[in-house]
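The numbers here are math on the coordinates, done by the rules we state, and not lab data. Given the structure is predicted, the values throughout are model-derived calculations rather than measurements. Quick reminder, even Gly has a Cβ in these numbers, built from the backbone with ideal geometry, and neighbours come from all protein chains shown.
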Ligand code: CO8
């Protein structure tokens, strides 16, 4: 949409792509940019023709963190009243799969944005890290929570307390990214995966995504109850009937997304 000034959006068939576009400052996330990213996510989420969303950065980085210029002179009360993280919270409500294709610097708030993606693919030259500690602050957009739930307390402590940058190879070993591939093909790989997911019945994708999020948030028993309800719900979809009928008839299913 042309109303955005800090990001680019485009569609490729049923895939929506969002590109962070302040390359001259390594896509540092100012308030405007976060608002635009979230608006674009919501627009794609509401668009019936879009099935999967890909998020990436233009230039030599995914994002080098929050905009230090914008933060440096703020005080606690200004931040409390600004309440900027409610915008971030809206990412939690996006129902369609978000695939992050990251490269170059993935730091601070940029890393937190990457951790909001459902699947992360990385270029093999990407550098990750939470440098906040060296600025006298700490992550504020979910970094301490999401990273810890993803890789466990000990590894998260080391990375968050030291602020050290680490490689895509380490990110792969820690399970932060599902693959690290050459820079030239990271977006292509993300699109390939997006196209694969886009062929699946979208209600299944939706219920699976929701259930995996519950697994992160809830105790096992409650997560199991939530999973079961979503499982039952899918038996009201036409795609469930079609999927199983196609299996029996030994033909390819024709999913309608309902
Ligand atoms: N904020 C503001 N400007 C930045 C930032 C940033 N985070 N990162 C880079 N820039 C600017 C540089 O100042 C520079 O501008 P100029 O040309 O005017 O000097 C331009 O981007 C290019 O950067 P460099 O010249 O420094 O490029 P290098 O390749 O030499 O270095 C680095 C790249 C290593 C990424 C380096 O720029 C760097 O260390 N950047 C800061 C990284 C950082 O500390 N990030 C964490 C910020 S704090 C944070 O994210 C808190 C999150 C809290 C919640 C999120 C709310 C949105």
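Here is how the number arises for the chain: DSSP H runs of 4 or more residues each give -39500 (n - 2.57), the sum is divided by the residue count, and the result at 222 nm is -13500 deg cm²/dmol. Here the Gaussian network model covers the chain, with springs between Cα atoms less than 10 Å apart; of 27, 230, 83, 83 fluctuates the most. Computed from the C-beta positions of residue 125 and residue 178, the FRET efficiency with R₀ = 22 Å rounds to 0.80. From the alpha carbon centroid of the stretch 13-90 to that of the stretch 137-180 is 20 Å.
Dimensions of the stretch 194-258 based on its C-alpha atoms, expressed as ranges along the principal axes with the largest first, amount to 40, 25, 18 Å.
When N counts the residues of the stretch 51-194, how does its alpha-carbon radius of gyration compare numerically with 2.2 N^0.38 Å, as a ratio? That ratio works out to 1.03.
The Stokes-Einstein estimate for the chain, based on a Kirkwood radius over Cα pairs and taken at 4 °C with 1.567 mPa s viscosity, is a diffusion coefficient of 67 µm²/s. Using the alpha carbons alone, the radius of gyration of the stretch 1-127 stands to its Kirkwood radius in an Rg to Rh ratio of 0.96. Both radii were evaluated on the Cα set of the stretch 118-258; the Rg over Rh quotient, with Rh as the Kirkwood radius, amounts to 1.08. Placing a label point 7 Å from the Cα of residue 68 along the Cα-to-Cβ direction, the residues of the stretch 96-131 with a backbone N closer than 11 Å are 131.
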